Amino acid sequence: MAAKELEKLQVLLGHPIQMLTWYLSPALNLANRDLVTSTHQHGWAVDIKCPEAGTPKEIADKILAADLRYDQLILEGDWLHLSFDPQHRFLKLTANKELSAPSTYSFGV
């Protein structure tokens, strides 16, 4: 499912997508993120960049205007997190990051 939607995204952007993170085993996910609920451990989530297609915000705007089925779209600053979990909740979030604190999230991108 994620691969099929990523193919649609590739066509939409017209440029190769840089995959920063995709599948993380549960143990690696816990070691790196400390989130047992992350959909990276099920292969549903990807962290991407595509500088040739624009900033992460510009890419998010293109996704929102297109017919891509996603569960979460999170603007993470330098990259975009997309989850294709079958729940398809269409959550749009922006990460608020501080150096010494865990990220918090606000609704919208």
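Observations on the model:
- Among residues of segment 1-56, those that are among the aliphatic types (A, V, I, L, M), farther than 15 Å from Y70 by Cβ and at pLDDT below 85, counted: 7
- Evaluation of G108 against (1) surrounded by 11 or more Cβ atoms within 10 Å (Cβ to Cβ); (2) at pLDDT below 90; (3) touching a strand residue (DSSP E or B) at 6+ places or on another chain (Cβ under 7 Å) (one fails), failing number: (1)
- In the set E7, E58, only one residue is under 15 Å from the mean Cα position of the chain (by Cα), more than 20 Å from V109 (Cβ to Cβ), assigned to a helix (DSSP H, G or I) and free of Cβ contacts under 8 Å to residues at least 40 places away in the same chain; that residue is E7.
- A Cβ distance below 9 Å, combined with a sequence gap of six or more or placement on separate chains, defines the contacts here; from segment 13-30, residues that are at positive phi reach residues that are surrounded by 14 or more Cβ atoms within 10 Å (Cβ to Cβ) and of a type outside the set (S, T, N, Q) in the pairs G14/A53.
- Residue within segment 33-50 that is part of a helix (DSSP H, G or I) and loosely packed, with under 14 Cβ neighbours inside 10 Å present: no
- Taken together, the residues in segment 82-98 that are in contact with a helix residue (DSSP H, G or I) (Cβ under 9 Å, 6 or more places away or on another chain) and under 11 Å from T39 (Cα atoms) amount to 4.
The values are calculated or read from the model by the stated rules, or taken from the named source; none is laboratory data. What you see is a predicted model; the values in this text were computed from it and never measured. Here Cβ is always computed from backbone atoms with ideal geometry, including for glycine, and neighbour counts include all displayed protein chains.
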